[in-house]
Amino acid sequence: MLGRNSCSRILPGLFFFVGAGLLSPGVRAASRPEAALAPALPRTVVRVRPGPCQGNPRRKPAQKPAQKPAHKAAEKAAEKAAEKPAEKTAEKPAEKAANEATSAPAASPAASPENHASTPKASEAPASPTSPPSPPKAETGTAPEIEASPFVVVPSEQVPPSPPQLRTEVPPEAGTPGWAVQPLINTSGMDWHGNFEMDVGHLAYGWQKGGGQAETVYDWRGRFVLGPVLTHPFADNLFVRVTGQPVAWIREDYQLYQVNVDDVYAQIGRIGTWDLMAGRFLTWRVFRKGLGFDLYTLEENGTRVDQDVSAEAGWFPRTYEVNTIFMRDSFGTNPVPQGRAAFHYYPTAWSGIEAVGTYGRLRTGGDVLGGRLAAGLKIPFISLLGGTEYVIWNSAFATPNEDPKPDSAAGSLHATYGFGGSIGLNPWRWLEIVGDYAYRKAEYSDGSRVYLSDRMTSWGGYLQVDPLLAYAGRSILIAGVSFFHTEFLDSNDLFQQHEQMAGYLVHPLGFNNAVVKLVFARAAGRQDSGGQITESMMYSVRFRFAFYY
């Protein structure tokens, strides 16, 4: 075993190499975990427990008595010589004692028999006149503090504290406003964020009237998202952030490269007050559907009017969620990316406002211009979300489902506007009840007349329980049911009705919002086109594993 003297020789060398690594700015910036964008926080203090060779770092080590000056040694020797009995020791002159004392100034007082009895104990040794006073002793049960040294990195006022533990709650729905969920942890450098979602399901489609034969689908799909988030904080809690997140899909179409992008944006603002972002991203969700209907899944689409599940067209109308400007892609049967900018303002810690403008060019040659306004609040026992949107689509060509066709060969102008929202009740932590309503109207014109119009209404909600939350202290098993009803009617008397329902069980795994989920879904559709009736059904079961980081 190493003694105290050995540790005192080894530790400075170890501190030198460790300190050199800690003081490297490149390593520190790349690996230090910090809280999200907090550039001006109180100074933190490094606290350690005494190691086997440290002893108590608050207590100074035992010091040897200070070396006595020569004239003091001479006076002491003279006094002791005078006190000795004559029969034991011959009395020495004071000059001779002084000469002896000055001839050996480096002798340790503890090594001298005369001074051994008067050597103070280590705990009673006086501090050196040039050394700082010893700090007060730490209270019993508290961790001791140590002073900064050239080999110990002590966080300064500009370094945020360590982030909280990994997120363990249930992942929120995609597009949930930022003030309503736990924010991502970002440092003042580069972080990596993303997710992995994998779904394995079995679906069955059937038609009672006007359709084809029953069809089953063995469905296995998923996506992996990963991208850097670059953040730079400024004074007064200001920040700049940029990100780009590629997406790799499990289900890949033949001879079609399936690596796309999710979020690509730049953002500037003040933490907790406002921000401005531009690029490609999800807007705020105002129509809440629970954990049973996930994006990019077949049961979210519901059932079909005709066969060929792989076709983009032919579905019954999806639930309208004030979502013409919601997804990262533009609306239509051939979605393509479009640019958008959003301004967020947070009047309080429990409310927020989002104003979005969209502007872009479609693959079909048309241009899109629109805006969306959303707001919400979340207070104890209740939450409110609402929004409205307006979009103009200037299409260079008539779309296939337009009947009658526009008179102008130049194409048509599509105007869509809608509104909606949700109210949530949370009387207990383990119970959540949500109701939704949304309305949309669209008009298609050729510049001189409106040749087609339609309107759509969606309503529904969900009930979700977390029965073991009160006993376990965290979510163990979440169960829920949801139901949504959508009606579509156009000026040609085409009527469609679509009902979707789901029941689900969710088990949070306790790290990084990871969950396993089992979803049972059913959808029923009915179409009346001039007296021609089509009815279809869809049943599905799906298992999901998701991991967020």
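The values are calculated or read from the model by the stated rules, or taken from the named source; none is laboratory data. Quantities reported herein were computed from a predicted structural model and do not represent experimental measurements. Cβ placement follows ideal geometry from the backbone for every residue including glycine, while neighbour counts extend to all protein chains displayed.
Out of Arg285, Arg340, which single residue is within 20 Å of the chain's Cα centre (by Cα) and either at pLDDT below 95 or surrounded by 20 or more Cβ atoms within 10 Å (Cβ to Cβ) (or both)?
On the way: Arg340 fails: within 20 Å of the chain's Cα centre (by Cα).
Of Arg285, Arg340, the one residue that is within 20 Å of the chain's Cα centre (by Cα) and either at pLDDT below 95 or surrounded by 20 or more Cβ atoms within 10 Å (Cβ to Cβ) (or both) is Arg285.
Taking the criterion of being within 30 Å of His193 (Cβ to Cβ), at pLDDT 95 or above, assigned to a strand (DSSP E or B) and among the basic types (Lys, Arg), would at least one residue in the stretch 513-527 satisfy it?
Checking the stretch 513-527: at least one residue is within 30 Å of His193 (Cβ to Cβ), at pLDDT 95 or above, assigned to a strand (DSSP E or B) and among the basic types (Lys, Arg).
Just to be sure, is Thr457 crowded, with 20+ Cβ neighbours inside 10 Å, more than 31 Å from the chain's Cα centre (by Cα), in contact (Cβ under 8 Å) with a residue 24 or more places away in the chain and under 26 Å from Thr324 (Cα atoms)? Let's see the steps before the verdict.
Values: crowded, with 20+ Cβ neighbours inside 10 Å: no; more than 31 Å from the chain's Cα centre (by Cα): yes; in contact (Cβ under 8 Å) with a residue 24 or more places away in the chain: yes; under 26 Å from Thr324 (Cα atoms): yes.
Here the answer is no, as Thr457 does not meet what is asked.
Kindly establish whether Thr231 is in contact with a Phe, Trp or Tyr (Cβ under 9 Å, 6 or more places away or on another chain), outside any loop (DSSP other than H, G, I, E, B) and over 21 Å from Met327 (Cα atoms).
Working: in contact with a Phe, Trp or Tyr (Cβ under 9 Å, 6 or more places away or on another chain): yes; outside any loop (DSSP other than H, G, I, E, B): yes; over 21 Å from Met327 (Cα atoms): yes.
The answer is yes for Thr231.
Could you grab me the full set of residues in the stretch 495-512 that are touching a strand residue (DSSP E or B) at 6+ places or on another chain (Cβ under 8 Å), at pLDDT below 95 and farther than 13 Å from Leu291 by Cα?
Leu509, Asn512
Residue under question is Ser453, and the condition is that it be of a type outside the set (A, V, I, L, M), at pLDDT below 95 and part of a strand (DSSP E or B); does it hold? Spell out how you get there, then give the answer.
Values: of a type outside the set (A, V, I, L, M): yes; at pLDDT below 95: yes; part of a strand (DSSP E or B): yes.
Considered against the rule, which asks whether it is of a type outside the set (A, V, I, L, M), at pLDDT below 95 and part of a strand (DSSP E or B), Ser453 comes out as yes.
Considering only the stretch 530-545, how many residues are over 21 Å from Thr319 (Cβ atoms) and modelled with pLDDT under 95? Walk me through it before giving the result.
Here is the first cut: in the stretch 530-545, the ones over 21 Å from Thr319 (Cβ atoms) are 530-533, 543, 545.
The next check asks that each one be modelled with pLDDT under 95; those that pass are 530-533.
Total satisfying the criteria: 4.
Would you mention how many residues in the stretch 349-361 are closer than 15 Å to Asp275 by Cα and modelled with pLDDT under 90? Let's see the steps before the verdict.
Kept after step one, since they are closer than 15 Å to Asp275 by Cα, are these residues of the stretch 349-361: 349, 351-357.
Checking the rest, the ones that are also modelled with pLDDT under 90 come to 349.
Matching residues across the stretch 349-361 total 1.
Tell me, which residue of the stretch 300-317 that is charged (D, E, K, R) and modelled with pLDDT of 90 or more is farthest from Ser383 (Cα to Cα)? Outline the logic, then answer.
Initial filter on the stretch 300-317 (charged (D, E, K, R)): 300, 304, 306, 308, 312.
Now restrict to residues that are modelled with pLDDT of 90 or more: 300, 304.
Numbers: Glu300: 24, Arg304: 34 Å.
Taking the candidates together, the pick is Arg304.
Looking at the stretch 534-542, can you tell me whether even one residue there is surrounded by fewer than 16 Cβ atoms within 10 Å (Cβ to Cβ), on the phi < 0 side of the Ramachandran plot and not acidic (Asp, Glu)? If you could, list the steps in order and put the result at the bottom.
Residues of the stretch 534-542 surrounded by fewer than 16 Cβ atoms within 10 Å (Cβ to Cβ): 541.
Filter once more, keeping what is on the phi < 0 side of the Ramachandran plot: 541.
Those left that are additionally not acidic (Asp, Glu): 541.
Yes, the stretch 534-542 has at least one match.
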